[in-house]
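To start, the structure under review is shown below, and the notes come after it.
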Amino acid sequence: ADTSTGLPPSSLYVLTQEYLENTTVTTSPGAQGLHFATPACRSVVANAQGEVFGRLLGDCVHVSSSTTIENSVELCLPLTYGTPADINAFNSTPQAAAAGMRFDFALAATVPQSYEVDTPAALQAGAEVPGRLGPVMWNWEDNAQWGRLPPGWYYLTPASLPVDLRRDGAGGARLCSKIYRAEQTYCPILRLGTHPRSLIWTNASGMPKVLGFDSHCEEMDRLLREVHNLQNQKKETPVPYLPMDQHVSDVQLLQERLDRGVLPDVIMPTSNMPVCLPGQCMVQKGNGFEIMAVEEGDCAIHC
């Protein structure tokens with residue numbers, strides 16, 4: 001049961017709380033500088049199954065409007081990493097070979113300072129989960145929307161919008177699409193062609209098994225590890241550096257914040273116009289859209 005999980009080392013550490021000795025970076029500081037825009041550092045868009053399946057192509061933009069968007073407006077975002085070489089590199093990955101690729105916008109949200117976590121139901125009498133990791137995974141506490149992401153982090157979800165790639169005469173590139181909501185941060189991404197709520201690979205695909213993209217940003221860890229080591233020099237009990245892809249929220253801290261009244265941010269409608277809130281989506285109906293819960297409809301646009 002333990003060897004067949006298919007979990008990456010960083011996830012195994014999160015579950016077992018055993019520090020991995022092989023988390024040291026392979027590059028060394030030097031005059032070459034820091035490169036935070038590597039494919040792994042930009043692979044930060046996950047599907048609903050927790051698999052990383054998309055990469056940032058440029059800067060995010062927050063859209064504000066003095067009035068409610070009643071129909072739609074077109075948004076075009078310039079690409080920093082939209083060259084044919086960038087796109088071909090993504091398309092040549094085993095993941096893209098198995099699932100295809102498409103352009104999209106991602107919606108950026110900030111993880112709240114507190115959120116509730118749920119524990120799975122107790123096992124039936126006499127039942128047990130095999131292996132060492134099995135019971136830990138079964139009893140893992142998380143939130144349906146935020147998982148165990150640390151408070152204050154950015155969380156990117158695909159918007160599943162019909163996005164077009166446009167190239168200017170000077171060689172620049174943009175992603176353009178109609179958007180239906182303001183007061184939202186949009187990010188240009190390139191992602192796999194699978195549905196955002198589906199697994200990247202299933203037995204029915206007929207393709208070799210693939211997992212999500214590696215999102216371990218080695219360059220960022222190299223910089224933060226140096227800062228951490230400098231701070232450790234002034235501590236009586238130094239602690240090892242924890243790579244960024246192994247951070248999860250502390251359940252006890254979340255509960256303490258809830259007990260103190262630090263509640264999750266709640267989005268309230270500011271007018272009588274229909275508002276699509278997190279956990280809802282827009283389902284195509286006739287020549288327009290209808291707002292429904294994610295579980296109830298075939299979503300065209302996730303809120």
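If Pro162 passes every condition in (1) open to solvent by less than 80 Å² (accessible area, probe 1.4 Å); (2) assigned to a loop (DSSP other than H, G, I, E, B); (3) modelled with pLDDT of 85 or more but one, which one does it miss?
Of (1) open to solvent by less than 80 Å² (accessible area, probe 1.4 Å); (2) assigned to a loop (DSSP other than H, G, I, E, B); (3) modelled with pLDDT of 85 or more, only one is false for Pro162: (1).
In segment 175-193, what residues are part of a strand (DSSP E or B), in contact with a Gly (Cβ under 9 Å, 6 or more places away or on another chain) and surrounded by fewer than 19 Cβ atoms within 10 Å (Cβ to Cβ)? Before you say what the answer is, go through the steps one by one.
Taking segment 175-193 as the starting set, the residues that turn out to be part of a strand (DSSP E or B) are 175-179, 184-192.
Narrowing further to those that are in contact with a Gly (Cβ under 9 Å, 6 or more places away or on another chain): 175, 187-192.
Selection gives nothing.
Considering every residue within segment 218-232, establish whether at least one is closer than 25 Å to Ala96 by Cα and either under 24 Å from the mean Cα position of the chain (by Cα) or open to solvent by less than 20 Å² (accessible area, probe 1.4 Å) (or both).
Just the residues of segment 218-232 that are closer than 25 Å to Ala96 by Cα, to begin with: 218-219.
Checking which are either under 24 Å from the mean Cα position of the chain (by Cα) or open to solvent by less than 20 Å² (accessible area, probe 1.4 Å) (or both) leaves us with 218-219.
Checked segment 218-232: at least one residue is closer than 25 Å to Ala96 by Cα and either under 24 Å from the mean Cα position of the chain (by Cα) or open to solvent by less than 20 Å² (accessible area, probe 1.4 Å) (or both).
Looking only at segment 100-126, count every residue that is more than 30 Å from Leu258 (Cα to Cα) and touching a helix residue (DSSP H, G or I) at 6+ places or on another chain (Cβ under 8 Å) and tell me the total.
Going residue by residue through segment 100-126, those that are more than 30 Å from Leu258 (Cα to Cα) are 100-105, 124-126.
Narrowing further to those that are touching a helix residue (DSSP H, G or I) at 6+ places or on another chain (Cβ under 8 Å): 101.
Number satisfying all stated conditions: 1.
Looking at segment 142-158, can you tell me whether even one residue there is in contact with a Ser or Thr (Cβ under 7 Å, 6 or more places away or on another chain) and outside any loop (DSSP other than H, G, I, E, B)?
Yes: segment 142-158 contains one or more residues that are in contact with a Ser or Thr (Cβ under 7 Å, 6 or more places away or on another chain) and outside any loop (DSSP other than H, G, I, E, B).
Within segment 237-271, can you find the residues that are in a loop (DSSP other than H, G, I, E, B), at pLDDT 85 or above and over 22 Å from the mean Cα position of the chain (by Cα)? Step through it out loud before you land on a result.
In the first step, residues of segment 237-271 are kept if they are in a loop (DSSP other than H, G, I, E, B); the result is 237-243, 247-250, 260-271.
This time we only want the ones that are at pLDDT 85 or above, so: 237-243, 247-250, 260.
Thr237, Pro238, Val239, Pro240, Tyr241, Arg260 - these are the residues of segment 237-271 that are in a loop (DSSP other than H, G, I, E, B), at pLDDT 85 or above and over 22 Å from the mean Cα position of the chain (by Cα).
Any idea which of (1) open to solvent by less than 60 Å² (accessible area, probe 1.4 Å); (2) on the phi > 0 side of the Ramachandran plot; (3) not basic (Lys, Arg) is the one Gly206 doesn't satisfy?
Exception for Gly206: condition (1).
Just need a number here: residues in segment 22-46 that are modelled with pLDDT under 50 and open to solvent by 70 Å² or more (accessible area, probe 1.4 Å).
So the count comes out to 6.
Can you name the condition, by its number, that Phe213 falls short on among (1) at pLDDT below 90; (2) crowded, with 16+ Cβ neighbours inside 10 Å; (3) of a type outside the set (Lys, Arg)?
Unmet condition: (1).
Examine segment 117-124 for a residue that is touching a residue at least 24 places away in the same chain (Cβ under 8 Å) and in a loop (DSSP other than H, G, I, E, B), and state whether such a residue exists. Full working, then the answer.
Narrowing segment 117-124 to residues touching a residue at least 24 places away in the same chain (Cβ under 8 Å): 117-118.
Retained after the next criterion (residues that are in a loop (DSSP other than H, G, I, E, B)): 117.
Yes, because at least one residue in segment 117-124 is touching a residue at least 24 places away in the same chain (Cβ under 8 Å) and in a loop (DSSP other than H, G, I, E, B).
Of all residues in segment 233-254 being touching a residue at least 24 places away in the same chain (Cβ under 8 Å) and polar (S, T, N, Q), which is surrounded by the fewest Cβ atoms within 10 Å (Cβ to Cβ)?
Per the stated criteria, the residue is Gln246.
Filter segment 104-153 down to the residues that are closer than 24 Å to Phe53 by Cβ and of a type in the set (Ser, Thr, Tyr), then identify the one that is surrounded by the fewest Cβ atoms within 10 Å (Cβ to Cβ).
Thr110
The values are calculated or read from the model by the stated rules, or taken from the named source; none is laboratory data. Quick caveat: nothing in here was measured; it's all calculated off a predicted structure. Positions of Cβ are generated from backbone atoms using ideal geometry, with glycine treated the same way; all protein chains shown enter the neighbour counts. All accessible areas refer to the heavy atoms of the entire protein, side chains included, with ligands and DNA or RNA removed. Shrake-Rupley method; radii C 1.70, N 1.55, O 1.52, S 1.80 Å.
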